[in-house]
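Quick notes on the structure that follows.
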Amino acid sequence: MTDDSRPAPVERATPETPGRAPSARRRTIAEQSTELRIAIMRLSRRLRQERTETELSGSQFSTLGWISTEGPLTIGRLAELEHVTAPSMNRTVNCLVESGYATRTTSPDDGRKVIVSATAAGESIVLETRRRRDAWLSKRFTTLTPAERETLAEATTILRRLTTQ
């Protein structure tokens, strides 16, 4: 911290520092965090536009994605993964079941637990949406230099680490 209790500025690259953006001033960690948050949110919003034409909400698609990736899951586990309450997840699962994208079965180990699985239609939506999103992003990657792609590969590792802290 500096004497005035603000976070110490983080040095930005200058034109003399290859591979880094020039800057008129040094940015604080808070400023860098804000810029990163805005960039990630804009990218995320743009990627969400690349999806199949369905009536699914974002949370319904995300839940279906978890089931598709992880296999059959309990409502409690889905609620944990989505950071919502079990009753809220139950409503989401009800919509998926009513739309024909998921099924509910009773757990063979514990009759009180409900297991949610994706149907073939649900799997198809997830796979097609992922294909579209990957294609959109891959097309943009081709416009980057090898050094920029390497920087993004390194950033991906760091971003994954941030999500688990």
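The values are calculated or read from the model by the stated rules, or taken from the named source; none is laboratory data. What you see is a predicted model; the values in this text were computed from it and never measured. All Cβ positions, even for glycine, are placed from backbone atoms using ideal geometry, and neighbour counts span all protein chains on display.
Somewhere in segment 47-57, is a residue assigned to a helix (DSSP H, G or I), under 26 Å from Arg160 (Cβ atoms) and modelled with pLDDT under 95? Break it down into steps so the answer makes sense when it comes.
Of the residues in segment 47-57, the ones assigned to a helix (DSSP H, G or I) are 47-48.
Now restrict to residues that are under 26 Å from Arg160 (Cβ atoms): 47-48.
Adding the requirement that they be modelled with pLDDT under 95 leaves 47-48.
Checked segment 47-57: at least one residue is assigned to a helix (DSSP H, G or I), under 26 Å from Arg160 (Cβ atoms) and modelled with pLDDT under 95.
Is it the case that segment 108-122 has a residue that's in contact with a helix residue (DSSP H, G or I) (Cβ under 7 Å, 6 or more places away or on another chain), exposed (fewer than 13 other Cβ atoms within 10 Å of the Cβ) and not polar (S, T, N, Q)?
no
Do you know which residues across segment 26-55 are touching a helix residue (DSSP H, G or I) at 6+ places or on another chain (Cβ under 7 Å) and of a type in the set (A, V, I, L, M)? Give the derivation first.
Of segment 26-55, the ones touching a helix residue (DSSP H, G or I) at 6+ places or on another chain (Cβ under 7 Å) are 47-48, 50-52, 54.
Correct list: Leu47 only.
Show the residue pairs that are 6+ apart or on different chains and have beta-carbon atoms under 8 Å apart, the first residue being within segment 32-48 and free of Cβ contacts under 8 Å to residues at least 60 places away in the same chain, the second being surrounded by fewer than 10 Cβ atoms within 10 Å (Cβ to Cβ).
Arg48/Gly58
For segment 105-140, which residues satisfy the criterion of being within 23 Å of Asn90 (Cα to Cα), of a type in the set (A, V, I, L, M, F, W, C) and either in a strand (DSSP E or B) or touching a residue at least 12 places away in the same chain (Cβ under 8 Å) (or both)? Don't jump to the end; show me each part of the working.
Within segment 105-140, the first condition is being within 23 Å of Asn90 (Cα to Cα), and the residues that meet it are 105-126.
Subsequent filtering for residues that are of a type in the set (A, V, I, L, M, F, W, C) retains 114-116, 118, 120-121, 125-126.
Residues satisfying the conditions are Val114, Ile115, Val116, Ala118, Ala121, Ile125, Val126.
Given the options Thr92, Thr151, Thr85, Thr145, name the one that is closer than 30 Å to Arg37 by Cβ, of a type outside the set (Phe, Trp, Tyr) and surrounded by fewer than 10 Cβ atoms within 10 Å (Cβ to Cβ). Talk me through it step by step, then tell me what you get.
Numbers: Thr92 fails: surrounded by fewer than 10 Cβ atoms within 10 Å (Cβ to Cβ); Thr151 fails: surrounded by fewer than 10 Cβ atoms within 10 Å (Cβ to Cβ); Thr85 fails: surrounded by fewer than 10 Cβ atoms within 10 Å (Cβ to Cβ).
Exactly one residue qualifies, and that residue is Thr145.
Please verify whether segment 134-155 includes one or more residues that are among the polar types (S, T, N, Q), within 14 Å of the chain's Cα centre (by Cα) and at negative phi.
Going through segment 134-155, the residues among the polar types (S, T, N, Q) turn out to be 138, 142-143, 145, 151.
Then drop every residue that is not within 14 Å of the chain's Cα centre (by Cα), which leaves none.
The answer is no, given that none of the residues of segment 134-155 is among the polar types (S, T, N, Q), within 14 Å of the chain's Cα centre (by Cα) and at negative phi.
Identify, by number, the condition in (1) at pLDDT 95 or above; (2) surrounded by 12 or more Cβ atoms within 10 Å (Cβ to Cβ) that Ser23 doesn't meet.
All conditions pass for Ser23, except number (1).
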